[in-house]
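Readers should treat all values here as calculations from the given coordinates under stated rules, not as data from a laboratory. Nothing here was measured: the structure is a model prediction, and the numbers come from that model. Methodologically, a virtual Cβ is constructed for each residue, glycine included, from the backbone with ideal geometry; neighbour enumeration extends over all protein chains shown.
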């Protein structure tokens with residue numbers, strides 16, 4: 001079984017390239033996209049079409065409801081499940097997407113957690129009825145670790161309290177004693193190089209296309225079904241439409257803001273990709289397919 005990753009900024013052509021290569025090397029695709037993971041968030045996430053999804057079996061797309069929590073450890077659990085399936089069905093695997101932080105975490109690994117018994121779980125559940133009190137307690141106990149956690153992030157607050165209750169040491173001390181181990185090693189990572197001018201043009205075109213496809217109706221539906229509370233509802237493309245619906249901007253300005261904020265995201269993605277991966281192979285989209293196929297034939 002062979003594995004590889006294709007990364008690049010938003011609107012750089014990653015999904016199309018992954019499907020092309022997957023068809024040639026008999027591979028499944030695992031998406032690393034923090035928005036495509038959600039069902040019903042279709043247009044704003046620029047998710048592959050149903051036709052594209054039917055060409056190659058995809059994972060990491062339409063896995064969760066928009067109000068469900070998604071995190072690195074959930075993604076790693078998903079990767080392990082997909083890896084086993086690929087082994088069983090004798091398939092190769094292509095990991096592709098714009099949220100390269102998940103790929104980095106996969107290559108670095110996560111620390112193991114202490115064993116948590118039922119009594120500890122019940123104790124933590126009881127304490128979490130007053131989450132503000134728990135957050136203050138943990139902040140006083142381990143300011144360095146808790147400074148990275150929002151006071152409303154119930155998932156991570158619960159995790160921090162479970163670690164402390166089960167191990168008797170602060171989360172910072174636990175992770176120091178239990179450093180992460182890589183989940184995947186020697187993974188070939190290919191990065192799509194694209195100029196910022198071309199990227200801006202593609203993003204602007206895609207933003208306009210989203211509007212034609214029914215972007216506003218999709219956001220209205222999501223707001224009605226899930227409210228604005230879920231983390232997914234604070235994503236680029238959703239926030240700007242909600243501002244438009246609130247009368248804070250005109251439709252043309254809404255599309256312009258989506259394009260600007262998406263271009264800013266793409267710039268951050270490009271910087272992250274270039275600085276966070278050792279042995280990265282970068283090339284323009286039109287050259288990358290041949291580079292990837294040649295590298296696989298050499299293995």
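Take every pair of alpha-carbon atoms less than 8 Å apart whose residues are at least six positions apart; their mean separation over the length of the chain yields a relative contact order of 27 percent. Protection proxy ranking for 43-56, 3-16, using the average of other Cβ atoms within 10 Å per residue and placing the highest first: 3-16, 43-56. Per-peptide packing, taken as the mean over residues of other Cβ atoms within 10 Å, places 112-123, 181-192, 162-173 in the sequence 162-173, 181-192, 112-123 from highest down.
Calculated from the alpha-carbon coordinates, the range 157-299 shows an Rg and a Dmax of 21.4, 57 Å respectively.
The distance separating the Cα centre of the range 77-97 from that of the range 191-206 comes to 30 Å. Label separation (residue 246 vs residue 223): 0.9 nm, computed from points 7 Å beyond Cα along the C-beta direction. Over all directions, the projected convex hull of the C-alpha atoms in the range 58-145 averages 8.7 nm² in area.
Ranked by the mean number of other Cβ atoms within 10 Å of their residues, highest first, the peptides 243-252, 208-217 come out as 208-217, 243-252.
If a/c stays under 1.5 just call it rounded; otherwise compare a/b with b/c (prolate if a/b is bigger, oblate if not). Do that for the range 3-160, with a ≥ b ≥ c from the square roots of the Cα gyration tensor eigenvalues. Taking the square roots of the gyration eigenvalues as a ≥ b ≥ c, the range 3-160 is prolate. Taking every alpha-carbon pair in the chain and binning the separations at 5 Å intervals from zero gives 1, 5, 10, 13, 15, 15, 14, 11, 9, 5, 2, 0 percent. With a/c under 1.5 counting as rounded, go ahead and sort the range 118-177 into rounded, prolate or oblate using the C-alpha gyration tensor (a ≥ b ≥ c being the square roots of the eigenvalues; past the cut-off, prolate if a/b is larger than b/c, else oblate). Because a/c hits 1.5 or more and a/b fails to exceed b/c, the range 118-177 counts as oblate.
Note: relative contact order over the range 83-227, using C-alpha pairs below 8 Å and six or more positions apart, is 29 percent. Only Cα pairs under 8 Å and 6+ residues apart enter the sum, and on that basis the relative contact order of the range 118-177 stands at 35 percent.
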